[in-house]
Amino acid sequence: MTGQNRTPTADGRDHDPGRTPGTTGTTGTTGRGRAGDGARRPEPIRFFGTTWVEHDGGYAWRRAAVAVGALTAALAGAFALRLGYQGLAIAKVGGLVNAIVVAGVAVCTALAFRRTWEGFVRRGESTGEGTTGDGRSERSAQNLMLIGFIGVLLAWSLRALQEAPGEKLHREEYERG
């Protein structure tokens, strides 16, 4: 039975070892309380947990850390891509191949940025969560996101300057009940 073995976590919140992360209560759904108690429970956001509801528990520090961390990772990724491009230059593969590689990475980065940014404000195909599409299109999107990882990281960094990434979507769903 859940609820009886609660222990406080480092940020002072209760941790229920009988509860599956990302769910609330025994119903196994997010945004709803335990069966019978009628309380709404917020869905946790990656890196923020449920601190986005009241902007407590180090919310501002977490936003700053996500913004700086994602930007740092994007810069490191750009450096790694530069090393790869220099490898192509050393191999003397030709201008056409260099142009195709640069254009491909740039397009994937732009698409990954847009897809990630849209995923912060609405659910659906752009978030990759709960889609009913076929597996091939999802795998294709995963490949696009992998190649355009810098766009994903930049989207996380820029969104963290405004709010917790995905907070607007989660807040709308939470307030709707």
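The values are calculated or read from the model by the stated rules, or taken from the named source; none is laboratory data. Keep in mind the model is a prediction, meaning the values are calculated, not measured. No Cβ is skipped: glycine too gets one built from the backbone with ideal geometry, and neighbour counts run over all protein chains shown. We work out accessible area using only protein heavy atoms, side chains counted, and drop any ligands, DNA or RNA first. Shrake-Rupley method; radii C 1.70, N 1.55, O 1.52, S 1.80 Å.
Criterion applied to ARG171, ARG159, ARG139 was being of a type in the set (D, E, K, R), part of a helix (DSSP H, G or I), open to solvent by less than 50 Å² (accessible area, probe 1.4 Å) and under 27 Å from PRO44 (Cα atoms), and the one residue passing it is ARG159.
Please indicate, with yes or no, whether at least one residue in the range 27-43 is closer than 20 Å to ILE150 by Cα, surrounded by 17 or more Cβ atoms within 10 Å (Cβ to Cβ) and either within 24 Å of the chain's Cα centre (by Cα) or modelled with pLDDT under 90 (or both). Checking the range 27-43: not a single residue is closer than 20 Å to ILE150 by Cα, surrounded by 17 or more Cβ atoms within 10 Å (Cβ to Cβ) and either within 24 Å of the chain's Cα centre (by Cα) or modelled with pLDDT under 90 (or both). The residue that is surrounded by the most Cβ atoms within 10 Å (Cβ to Cβ), among those in the range 67-83 that are closer than 14 Å to ALA106 by Cα and in contact (Cβ under 8 Å) with a residue 12 or more places away in the chain, is ALA74.
Matching residues to (1) on the phi < 0 side of the Ramachandran plot; (2) at pLDDT 90 or above:
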| residue | (1), (2) |
| --- | --- |
| ASP134 | yes, no |
| GLU138 | yes, no |
| LEU146 | yes, yes |
| VAL152 | yes, yes |
| SER157 | yes, yes |
| GLU167 | yes, yes |
| GLU173 | yes, no |
| GLY177 | no, no |
